[in-house]
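Scroll down for the structure; my scribbles are underneath it.
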Amino acid sequence: MTTIYDIARAAGVTATTVSNVLSGKGSVSSATRARVMQYAKELNYSPNLIARSLIKGRTGVLGLAFPSVDNPFYAEITAAMERLAYQAGFRIFVSTFSNGAQTGQKMLKDLALRRVDGVIIFSAAIAIDIISSMALPDLPIIYCLEEEMQDCPFPAISYDFFQGGQLAGEHLLSLGHRNIGLLTHITDGNHYNHGARVKGLQAALANYNLELDMRLVKNGASDVEPGKIAGRELLTQPDRPTAVFATNDMMAIGLMAAAWELNIRVPQDLSIIGFDGITISRYTTPPLTTIKIDTEKLTAKTIELLLQNIKHPSAPQSILFPAELLVGASTGPLV
């Protein structure tokens, strides 16, 4: 491995001069600077990142924690964050917290021990109270996509999930649908993981003096296959819905598959709306109507806020982006 001493010998200067040129510090003539850079290139010099991190007290690495790599939504966010972090001179270290709170605690501690400069945590990966219970001094944390924004001890960025659920309900209601079903993620104790989205739908129904029919609520567990199974249960009921709100796009795609197998036409016989706006939703047949989470805006603001807090830690703040309805071809008027 080429060192600054190798470059110094080749260029006929001191190691201190080479260090000043490579770091952009000190007073060095343009001719000397050009000669040093030329030999650095010829000798294929690469900086010692470990040594540099020890000197600067930073590693140039950001931690990213989310629940699963299976959902394209998180894959798209990871790709965008890697790109933006790289442009800012950082790398991303990714961890998935899919095996419960205890594993999440261990993995979060592991991130801290790896001396990452800051961590971005998605709420579906690990809850606020778990993070708050851990001693993580001097580790900047940005908390992302909390379903129902609460008092958070860290800077937090999310979308207006309630508004998104309301937009979904209003869209279906405006098309004349009244018998509206729901595919969502239900965990132990009948807890809605997508609670704000469900409340938004209920608010839209209430504006029409309607209530959510609990017989038309099924657990799609936030994935395609569970969505397909739950969708089949929903669509084979005697009084099946004419429209369904799936609280993420993966469940909506599973529901589309169930409808196709049952010879139920979308949108002529059944309107379907999802949530997230993942890229693949534009290529389903028909293209999916969905509530879009703008991942470009989300990732850009998240990286910006984390880098700000690495340089100058600030008081917790919450940033809430508005929801956006993207009308595809999977919803239509009640016939």
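The values are calculated or read from the model by the stated rules, or taken from the named source; none is laboratory data. Everything quoted here is computed from the prediction, not taken from an experiment. Ideal geometry is used to build each Cβ from the backbone, glycine not excepted, and the neighbour counts take in all protein chains shown.
Could you count how many residues in the stretch 189-203 are part of a helix (DSSP H, G or I) and either touching a Leu at 6+ places or on another chain (Cβ under 6 Å) or on the phi > 0 side of the Ramachandran plot (or both)?
Residues that pass the stated criteria total 1.
Anything in the stretch 261-292 that is assigned to a strand (DSSP E or B) and surrounded by 22 or more Cβ atoms within 10 Å (Cβ to Cβ)? List them, or say none.
Scanning the stretch 261-292 gives SER271, ILE272, ILE273, GLY274, PHE275, ASP276, THR289, THR290, ILE291.
Identify, please: which residue in the stretch 156-205 is among the basic types (Lys, Arg) and surrounded by fewer than 22 Cβ atoms within 10 Å (Cβ to Cβ) and is, among those, farthest from GLY328 (Cα to Cα)?
Filtering the stretch 156-205 for residues that are among the basic types (Lys, Arg) and surrounded by fewer than 22 Cβ atoms within 10 Å (Cβ to Cβ), the one farthest from GLY328 (Cα to Cα) comes out as LYS199.
Would you mind stating whether ARG52 is at pLDDT below 85, within 27 Å of ALA300 (Cβ to Cβ) and surrounded by 11 or more Cβ atoms within 10 Å (Cβ to Cβ)?
yes
May I ask you to say which residue of ALA221, ALA258 is farther than 17 Å from LEU288 by Cβ and either part of a helix (DSSP H, G or I) or within 23 Å of the chain's Cα centre (by Cα) (or both)?
It is ALA221.
Just checking, which of ASP160, ASP213 is in contact with a Pro (Cβ under 7 Å, 6 or more places away or on another chain) and among the charged types (D, E, K, R)?
ASP160
For the stretch 293-311, state whether one or more residues are in a loop (DSSP other than H, G, I, E, B) and of a type in the set (Ser, Thr, Tyr).
Within the stretch 293-311, none of the residues are in a loop (DSSP other than H, G, I, E, B) and of a type in the set (Ser, Thr, Tyr).
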